Amino acid sequence: MTFARFVYGGPRSLRALLSLGVAIAAAAAHAQSWPTRPVHIVIPYAPGSSPDVLARILADKLQVRLGQAIVVDNKPGAGGNNGTASVAKAPGDGYTFLVSTNGPLVYNTVLYKSLPYDPFTELRPVVLAGAQANVCAVRSDSGIRTLDDLVKAMKAHPGQYNFASTGVGSLSQLGVELLKARTDTYAVHIPYASSPLAVMALLQGDVQFACVPAVAVMPQVKAGKLRPLAVSTAKRSALTPEIPTMKEAGLPDVENVAWMALMAPASTPNDIVERMNHEVNAILQQPDVKDKMAAAFMEPAGGTPADLAAFMRRERDVMTPVIKRSGATID
């Protein structure tokens, strides 16, 4: 008995360990038996949006790996809040997930006076699935050749520079607001309903610059109509290796990406979250998935649920003062 007490702490601890072993085995069996019916992935945006494209790429692979149909449900509206709230309020039974973005998962907690959900308590992170860089660009005939040129021009002519975005509170606005805050410059925000419309405004000379997703900018760069100044990622993007980062352009504290994360209702069991995390991480490594994402200028991410939770908290800490400084509100 002395040996048992030394190793296990006695009979009670032994019983506790045995109980824990049974619980772990039951959880593993649960994860292996799940799912037994179709799994729904909610997209809080319209079909054809970047989260929708990514979710459908994942869904094609997940239904093979999980052995069940994966149903993609588009629930757009209210800046992504409607669909995100529907998952936050859904049962945590492993049959409802969410692919959402910076806005509904972080920025809207500051932009809106109140939300119908709390992304930090009513949702649980599963995996950071992918990201898109913003590319800051000007017209090729503008005379501005570098990001430093743009910053100097804004300082020399305060209020005379306009920039396009994809809407109030979008990353394409808030990324520029971060740039303005770090460089103590001013430019007038002109929101548009989509990336193509923002790029069209730039091409027509209605605005002087824009920092919008690469998928909208690069065709015009290749056509010689736009000049890219910098990419918003910390490292050069493999999809646009010729474009310098903000850091390389002289702004080490400016970094932002449009990211897409897989989330679940907060009460979803750990074993199911871990199983889904494992499956998505494996899918993101498949060459054909990388190719499909690259076609939309998206890069795979991955990592643990804890990685995503920490990432979301950092995003909140960095962007909350930027949003408040900009004065951007939606309601």
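The table below lists the values:
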{"quantity": "Qualifying residue in the stretch 195-204 (condition: without any contact (Cβ under 8 Å) to a residue 12 or more places away in the chain and of a type in the set (S, T, N, Q))", "calculated": "yes"}
{"quantity": "Criterion: of a type in the set (Phe, Trp, Tyr) and touching a strand residue (DSSP E or B) at 6+ places or on another chain (Cβ under 7 Å) - qualifying residue of Tyr107, Tyr95, Tyr117, Tyr112", "calculated": "Tyr95"}
{"quantity": "Conditions (1) of a type outside the set (Ser, Thr, Tyr); (2) open to solvent by 60 Å² or more (accessible area, probe 1.4 Å); (3) over 30 Å from Ile70 (Cβ atoms); number of the one not met by Asn270", "calculated": "(3)"}
{"quantity": "Test: residue in the stretch 97-116 that is within 18 Å of Arg37 (Cβ to Cβ), touching a His at 6+ places or on another chain (Cβ under 8 Å) and open to solvent by 20 Å² or more (accessible area, probe 1.4 Å)", "calculated": "no"}
{"quantity": "Unique residue being surrounded by 14 or more Cβ atoms within 10 Å (Cβ to Cβ), out of contact with any helix residue (DSSP H, G or I) (no Cβ under 6 Å at 6 or more places or on another chain) and modelled with pLDDT of 90 or more when the list is Ala78, Ala59", "calculated": "Ala59"}
{"quantity": "Scope the stretch 225-235; condition touching a residue at least 12 places away in the same chain (Cβ under 8 Å) and assigned to a loop (DSSP other than H, G, I, E, B); matching residues", "calculated": "Lys225, Ser232, Thr233, Ala234"}
{"quantity": "Any pair with Cβ under 8 angstrom, 6 or more apart, that starts in the stretch 92-106 at a residue that is on the phi > 0 side of the Ramachandran plot and ends at one that is among the hydroxyl-bearing types (Ser, Thr, Tyr)", "calculated": "Gly94/Thr268"}
{"quantity": "Of the criteria (1) touching a strand residue (DSSP E or B) at 6+ places or on another chain (Cβ under 9 Å); (2) at pLDDT 95 or above, which one Arg313 fails", "calculated": "(1)"}
{"quantity": "Yes/no for Leu229 being within 19 Å of the chain's Cα centre (by Cα) and surrounded by 18 or more Cβ atoms within 10 Å (Cβ to Cβ)", "calculated": "no"}
{"quantity": "Identity of the residue in the stretch 238-252, within 17 Å of Ala131 (Cβ to Cβ) and open to solvent by 40 Å² or more (accessible area, probe 1.4 Å), that ends up modelled with the highest pLDDT", "calculated": "Pro241"}
{"quantity": "Options Val138, Val176, Val127; residue that is surrounded by 17 or more Cβ atoms within 10 Å (Cβ to Cβ), closer than 28 Å to Ala78 by Cα, at pLDDT 95 or above and of a type in the set (A, V, I, L, M)", "calculated": "Val127"}
{"quantity": "Scope the stretch 9-45; condition part of a loop (DSSP other than H, G, I, E, B), at pLDDT 55 or above and out of contact with any strand residue (DSSP E or B) (no Cβ under 6 Å at 6 or more places or on another chain); matching residues", "calculated": "Trp34, Pro35, Thr36, Arg37, Tyr45"}
{"quantity": "Helices (runs of 4 or more DSSP H) (entirely within the stretch 131-224) containing at least 1 residues that are farther than 27 Å from Pro51 by Cα and touching a Cys at 6+ places or on another chain (Cβ under 7 Å)", "calculated": "147-156"}
{"quantity": "Those residues of the stretch 200-221 which are modelled with pLDDT under 95 and either aliphatic (A, V, I, L, M) or surrounded by fewer than 18 Cβ atoms within 10 Å (Cβ to Cβ) (or both), in sequence order", "calculated": "Val212, Ala214, Val215, Ala216, Val217, Met218, Pro219"}
{"quantity": "Every residue from the stretch 238-277 that is more than 20 Å from Leu171 (Cα to Cα) and charged (D, E, K, R)", "calculated": "Glu242, Glu248, Asp271, Glu274, Arg275"}
{"quantity": "Answer residue from the stretch 40-56, given it is touching a Pro at 6+ places or on another chain (Cβ under 9 Å) and small (Gly, Ala, Ser) and is surrounded by the most Cβ atoms within 10 Å (Cβ to Cβ) among those", "calculated": "Ser50"}
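The values are calculated or read from the model by the stated rules, or taken from the named source; none is laboratory data. Everything quoted here is computed from the prediction, not taken from an experiment. Note: ideal-geometry Cβ built from the backbone for every residue, glycine included; neighbour counts use all protein chains shown. Keep in mind that these areas ignore ligands, DNA and RNA; they rest on the heavy atoms of the full protein, side chains included. Shrake-Rupley method; radii C 1.70, N 1.55, O 1.52, S 1.80 Å.
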